[in-house]
1. Rounded to the nearest 500, what is the 222 nm mean residue ellipticity of the chain from helices alone, with -39500 (n - 2.57) per DSSP H run of 4+ residues and division by all residues?
2. Mind pulling the per residue volume of the convex hull built on the Cα atoms of segment 182-281? Å³ is fine.
3. What is the set of long-range amide H partners of Gly128 at a cut-off below 5 Å, with H atoms built 1.01 Å from backbone N?
4. Of all DSSP beta bridges in segment 1-107, what percent run antiparallel (nearest 5)?
5. Fewest to most neighbouring Cβ within 10 Å: what's the order for His190, His282?
6. Once both axes come from the Cα atoms, what is the angle between helix 5-14 and the longest principal axis of the chain, in degrees from 0 to 90, rounded to 10?
7. Sort Glu216, Glu25 so the one with the fewest other Cβ atoms within 10 Å of its own Cβ comes first.
8. In terms of modelled amide H atoms, which long-range or inter-chain residues lie less than 5 Å from the amide H of Asp212?
Amino acid sequence: MSLDVESIINESLAVQSRDFLKIVEAAIAMLRDEGGRFRRLTVLERLVTLDPLGEALVIGDLHGDIESLRLILERSGFMEKMAKDAFVVFLGDYGDRGAYSAEVYYTVLRLKLAFPEQVVLLRGNHEGPADLLASPHDLPMQFQLRFKEKWRDVYSKVRELFGYLYNAVLVEDCCLMVHGGLPACISSIHDLALAHKLHGEQPFLEDLLWSDPSDEIKGALYSPRGAGKLFGKDVTDKILALLGVKVLIRGHEPCHEGFRLNHNGKVLTLFSRKGAPYFNAHGAYLQLPLSEKIESAQQLVPWIQKF
Ligand SMILES: [Mn+2]
């Protein structure tokens, strides 16, 4: 198995159902067993804490856009970063919308398997639990076209994978990373770590996967998306203080320029794909310096790369 970006992406374009299934199964086995501390990564249930050293490449929604993923991995010097012990955090929403969902899943899972202690895969609302899966969900149709009669096996295995993806990433004193937004009523990091197990009793997972910041409101209101909430700056201030971090980094919303700031610089949104059906002018990714003293997402703007 080759370890350069071009080879992995070429593999993803050619992969057949049998090898695709093997990669998903291996990733499930790896994620299921992750717990405790390995090197600079600490795993508590489905919460990951990164040591505040070096750099994290942060990539927002990809939604089946393999060309943007290729561009980001090449332009950021991904393989050199891995050799220097950097982290990479994917903010979720790998499939649906774009035509290359299978290829994006395959590529990010291959990277996870190649660099288990450096690659973190967050869960997006397009990887939600059965009662809260985003719609339209194109993945079954794409798998039918891609894997023909084997598509059901592949699809059900990928659905199983969703339950093992991470809820949140914490960098102490620095930032929290999630796909969607902040739950207004958590009382500790354990509510983030256990959000998937509390799903059905508490809205924590729903809010992490679905919510959006709003500069227009106070508190939390039900979202026009039909799941999750809109949350105001007061919620962001309260929850970031509770968690001991300064900034929220999240994906989930298309941004014309590839990124956007909300809540007076407390929230950074990254969107890392281009093309239909969003037509944002730019995608963006972040090369986050983990040891930098960060007070506001405004300080992160120089480390954002637009494409
Ligand atoms: Mn989303």
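1. Details: 11 runs with 105 residues, N = 307.
One gets -10000 deg cm²/dmol as the mean residue ellipticity at 222 nm.
2. Values: hull volume 11.0 nm³, N = 100.
That works out to 110 Å³ per residue.
3. Ala134
4. Working: 7 of 11 bridges.
Expressed as a percentage, antiparallel bridges in segment 1-107 total about 65.
5. Starting with the residue having the fewest Cβ neighbours, the order is His190, His282.
6. Roughly 60 degrees, rounded to the nearest 10.
7. On the way: Glu216 8, Glu25 13.
Listing Glu216, Glu25 from fewest to most nearby Cβ atoms yields Glu216, Glu25.
8. The answer is Lys229, Leu230, Phe231.
The numbers here are math on the coordinates, done by the rules we state, and not lab data. Being a predicted model, the structure only gives us computed values, none of them experimental. Here Cβ is always computed from backbone atoms with ideal geometry, including for glycine, and neighbour counts include all displayed protein chains.
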